[in-house]
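Worksheet: the structure to be examined is printed underneath.
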Amino acid sequence: MTEFKIEPVQQVIIHDLIHEELENFLHVSYVYSVTSSIWVDGIIVDLTSMSSPDVSSEQSIKNIKYFERIVFVKYPKYTKSVKWNGGNYELMLRNYNNFPRFRELAKWIKSQSIWKTTPEETK
């Protein structure tokens, strides 16, 4: 019989926290063929885990999660999708408001000094 067990992450390490404006975020999502992103508590979030298998497997055992970067966009109201480029591209949003760990992440992002900045607009 297989035993299933949930062990929560005890520490999250983020190398870069990036505040992006919506137009550029959607452009990058389009270029990389992203079909959906996470929305939680007024933020669209893109999480990029560390790619090194050695780091991830070793640290997972220690309940530490590494992210190379977290890109976020202020997006106050949840919608099922966001359209860009005259509707030629549509990014679906997954509502993670019911997941406590993601609400904690949103709360943490909002407490960082970068939250108060205005991202540079692309032209």
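The values are calculated or read from the model by the stated rules, or taken from the named source; none is laboratory data. What you are looking at is a predicted structure, and each value in this text was computed from that prediction instead of being measured. All Cβ positions, glycine included, derive from the backbone under ideal geometry; neighbour counts span all protein chains shown. Quick note on the areas: whole protein, heavy atoms, side chains included, nothing else; ligands and nucleic acids left out. Shrake-Rupley method; radii C 1.70, N 1.55, O 1.52, S 1.80 Å.
Note on the chain: with charges restricted to the Cβ of Lys and Arg (+1) and Asp and Glu (-1), its dipole about the Cα centre is near 480 debye. Our summary gives the chain a relative contact order of 35 percent, counting only alpha carbon pairs under 8 angstrom and 6 or more residues apart. Proximity of backbone amide H atoms, modeled 1.01 Å from N, is registered between N97 and D41 at under 5 Å, excluding neighbours fewer than 5 places apart on the same chain. Put Y32, Y89 in order of accessible area, highest first, and with a 1.4 Å probe you get Y32, Y89. Here the contact order of region 65-123, divided by its residue count and restricted to Cα pairs under 8 Å and six or more residues apart, works out to 17 percent.
Taking a ≥ b ≥ c as the square roots of the eigenvalues of the Cα gyration tensor, the chain is classed as prolate, since a/c reaches at least 1.5 and a/b is larger than b/c. Tell me the carbon and sulfur percent of the accessible area for the chain, rounded to whole percent, probe radius 1.4 Å. Result for the chain: 51 percent of the exposed heavy-atom area is carbon or sulfur.
The residues of the chain have, on average, 71 Å² of accessible surface per residue, using a 1.4 Å probe with all protein chains present. Between amide H atoms placed 1.01 Å from N, distances below 5 Å from I18 occur with I70, V71, F72, all of them 5 or more places distant or on a separate chain. Cross-linked pairs K62/K83; K5/K116; K62/K107: Cα-Cα separations exceed 30 Å for K62/K83; K5/K116.
Considering only I114, F67, S81, the residue lying farthest towards the positive end of the dipole of the chain is S81, judged by Cα position with unit charges set on Cβ.
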